[in-house]
Amino acid sequence: MAVIGIDHVQLAIPAGGEDKARAFFVAVLGMREVPKPTNLSPSGCWFESGALSLHIGVDPDFRPAAKAHPALLVDDLASLRARLEAAGCETRDDEPIEGYQRCFTSDPFGNRIELMQRV
């Protein structure tokens with residue numbers, strides 16, 4: 001018996017933030033929204049891109065994740081970074097990691113997100 005992978009990552013948002021989440025994850029990051037199972041809470045939303053599944057859940061005591069974060073692999077960091085900045089999203093460099101180009105941004109709720117491209 002062993003852990004074999006990650007099925008999905010969940011980020012929290014405040015109540016009523018689904019439209020802002022859609023605008024960021026679909027329009028800016030290029031993910032697609034997928035339907036949630038009908039037996040789950042109607043709040044929140046789910047997104048996919050390739051093998052990545054990202055679940056957005058409403059937390060009534062929401063506080064942005066300033067340190068914990070998903071690290072999303074991308075295939076063209078420079079273009080995505082330009083698209084983020086054109087949409088008014090701040091991007092930040094961090095210490096280099098061998099084999100990657102990377103930067104950080106935040107979703108509309110202040111959750112930290114790392115973007116990484118293998119080089």
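A short reminder: the numbers here are calculations on the coordinates, not readings from a lab. These figures come from a predicted structure and were not determined experimentally. So basically every Cβ, Gly included, is an ideal-geometry build from the backbone, and we count neighbours across all protein chains shown.
Summary table below
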read-out: Trypsin sites (Lys or Arg not before Pro) lying in DSSP loop within the range 1-106, provided at most 15 other Cβ fall within 10 Å; value: 67
read-out: Rounded tilt (10° steps) of 77-86 against the dominant C-alpha axis of the chain; value: 60
read-out: Bridge type composition, the chain - antiparallel percent by DSSP, nearest 5; value: 65
read-out: Hull volume in cubic angstrom per residue (convex hull over the Cα atoms of the chain); value: 137
read-out: Separation of the residue 114 and residue 34 label points, Cα + 7 Å toward Cβ, nm; value: 2.4
read-out: 5 angstrom amide H check on residue 53, placed H, neighbours 5+ away; value: 9
read-out: Note, ³J(HN,Hα) from phi for the range 108-119, Karplus 6.51, -1.76, 1.60, rounded to Hz, x at Gly and Pro; value: x, 9, x, 6, 6, 9, 9, 10, 10, 10, 6, 10
read-out: FRET efficiency for residue 7 and residue 93, using Cβ-Cβ distance with R0 set to 41 Å, rounded to 0.05; value: 0.85
read-out: HN-Hα J in Hz across the range 27-38 - Karplus 6.51, -1.76, 1.60, θ = phi - 60°, x for Gly and Pro; value: 5, 8, 7, x, 7, 10, 7, 10, x, 7, x, 5
read-out: Farthest toward positive dipole pole in the chain [+1 Lys/Arg, -1 Asp/Glu at C-beta], among 11, 78, 68; value: 11
read-out: Formal net charge of residues neighbouring residue 80 (Cβ-Cβ distance under 13 Å; K, R +1; D, E -1); value: -1
read-out: Dipole magnitude of the chain, debye to nearest 20 (Cβ charges: Lys/Arg +1, Asp/Glu -1, about Cα centre); value: 140
